[in-house]
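So the structure is just underneath, and the comments pick up after that.
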Amino acid sequence: QATEVLERLIAESKPQTVVTWAREVFRHWQLDELWKQPNVHAASGSDDFMTLVREADIGITTVDYAIANTGTIVLHTSDKKPRSVSLLPTIHVALIRESQIVSRMGETFAPLKEASGQSLPSSVHFISGPSRSSDIENDLSIGVHGPVALRAIVVKGV
């Protein structure tokens, strides 16, 4: 059902461009049909891909963890998982497995360190939704720095 929800979200948003992390990052998500669409591009490390990311309407990632008590997602980046995909598009879509949900932030540090070897990855992002900024007159602006919206698709039982 995650594929259906993702396809519906993309259709409703009518994006010009969708970018994702490298295809192999999604190998257990059964999303092969996604990249058959002409406006969907997977991370390639090329300058052309960075141009696409800057103009993208939707960026799709997985997560390392989702923190229940704060509604925060945690992801670390690599050459196959560029941080630009979660930061530059207008809408960030995060794919989450139920098994990745933890209660508190502290539960994420030890497993992140174990997964990466001796130290934490150099780039770990804790994302709690769009940025919020106000000027001196208290006029609120949302999404000034990063995506305007964050959508999470949670798959139960895995």
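The values are calculated or read from the model by the stated rules, or taken from the named source; none is laboratory data. Remember, predicted model here, so these are calculated numbers, not experimental data. We place every Cβ from the backbone using ideal geometry, glycine too, and count neighbours over all the protein chains shown. Calculation scope for accessible area: heavy atoms of the full protein, side chains included, ligands and nucleic acids excluded. Shrake-Rupley method; radii C 1.70, N 1.55, O 1.52, S 1.80 Å.
Assorted remarks:
- Ser119, sole failed condition from (1) in a loop (DSSP other than H, G, I, E, B); (2) at pLDDT 85 or above; (3) of a type in the set (Ser, Thr, Tyr): (2)
- With respect to the conditions (1) touching a Gly at 6+ places or on another chain (Cβ under 8 Å); (2) modelled with pLDDT under 95; (3) of a type in the set (A, V, I, L, M, F, W, C), Val19 falls short on a single one, namely (2).
- Scope the range 8-17; condition part of a helix (DSSP H, G or I) and open to solvent by 80 Å² or more (accessible area, probe 1.4 Å); matching residues: Arg8, Glu12
- Among the residues here, Ala68 does not qualify as modelled with pLDDT of 90 or more and touching a Leu at 6+ places or on another chain (Cβ under 8 Å).
- Neighbours by Cβ (under 6 Å, 6+ apart or cross-chain): first from the range 72-95, farther than 13 Å from Thr20 by Cβ; second of a type in the set (Gly, Ala, Ser) and not in a loop (DSSP other than H, G, I, E, B): Ile73/Ala66; Ile73/Ala94
- Among the residues of this structure, Gly45 counts as one that is in a loop (DSSP other than H, G, I, E, B) and within 17 Å of Pro82 (Cβ to Cβ).
- Meets criteria (within 23 Å of Glu7 (Cβ to Cβ), among the β-branched types (Val, Ile, Thr), in contact with a Gly (Cβ under 8 Å, 6 or more places away or on another chain) and part of a helix (DSSP H, G or I)) for Val93: no
- Answer residue from the range 18-42, given it is part of a loop (DSSP other than H, G, I, E, B) and in contact (Cβ under 8 Å) with a residue 60 or more places away in the chain and is most open to solvent (accessible area, probe 1.4 Å) among those: Trp29
- Identity of the residue in the range 100-116, outside any loop (DSSP other than H, G, I, E, B) and loosely packed, with under 12 Cβ neighbours inside 10 Å, that ends up modelled with the highest pLDDT: Gly106
- Of the residues in the range 88-96, not one is closer than 24 Å to Asp48 by Cβ and surrounded by fewer than 12 Cβ atoms within 10 Å (Cβ to Cβ).
- Filter pass, Pro82 being part of a loop (DSSP other than H, G, I, E, B), in contact with an Asp or Glu (Cβ under 8 Å, 6 or more places away or on another chain) and open to solvent by less than 40 Å² (accessible area, probe 1.4 Å): no
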